[in-house]
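Notes for the one structure printed next.
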Amino acid sequence: LAQAGEKAKGAALASDAFFPMPDTVEEAARAGVTAIIQPGGSIRDQDSIDAANRYGIAWSSPACAISGTEAEEKRRRACERARAASLCAMRRERRRRSEMEPGRSKEGWTQ
């Protein structure tokens, strides 16, 4: 994020490792990241998902697609709820930003 500087604003952050603590999400939010994609699998994933929701960051994790056993099905449903909450938070943040930016309409940039 430090190397990206201003380029991090509006960017997606991808990682090949899970985020066991929400501090990475908080740092990403400070840098202006709007989406996080990571493999999941931490027993504390929900802490990071909750942080993403607080900051309006969309969250995606392939681990959310796993299903089969009853426990896996419960986790899949929980992930779907987290993903839906993240998407709603991201849409709210986009709407808030568009209302603050001059020259911007609901459809995008005006001519």
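The values are calculated or read from the model by the stated rules, or taken from the named source; none is laboratory data. Computed from a prediction, not measured in an experiment: that's the story for all the values here. Note that we place each Cβ from the backbone using ideal geometry, even for glycine, and neighbour counts take in every protein chain shown. The accessibility values were calculated without ligands, DNA or RNA, using every heavy atom of the protein model including side chains. Shrake-Rupley method; radii C 1.70, N 1.55, O 1.52, S 1.80 Å.
Heavy atoms only, 1.4 Å probe, whole protein assembly: order D47, D16 by accessible area, highest first.
D16, D47
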Using label points projected 7 Å from each Cα along Cα→Cβ, tell me how many nm separate S98 and R44, to one decimal.
3.6 nm
Express in Å², to the nearest 10, the accessible area of R44 obtained by rolling a 1.4 Å probe over the protein heavy atoms while all chains stay in place.
100 Å²
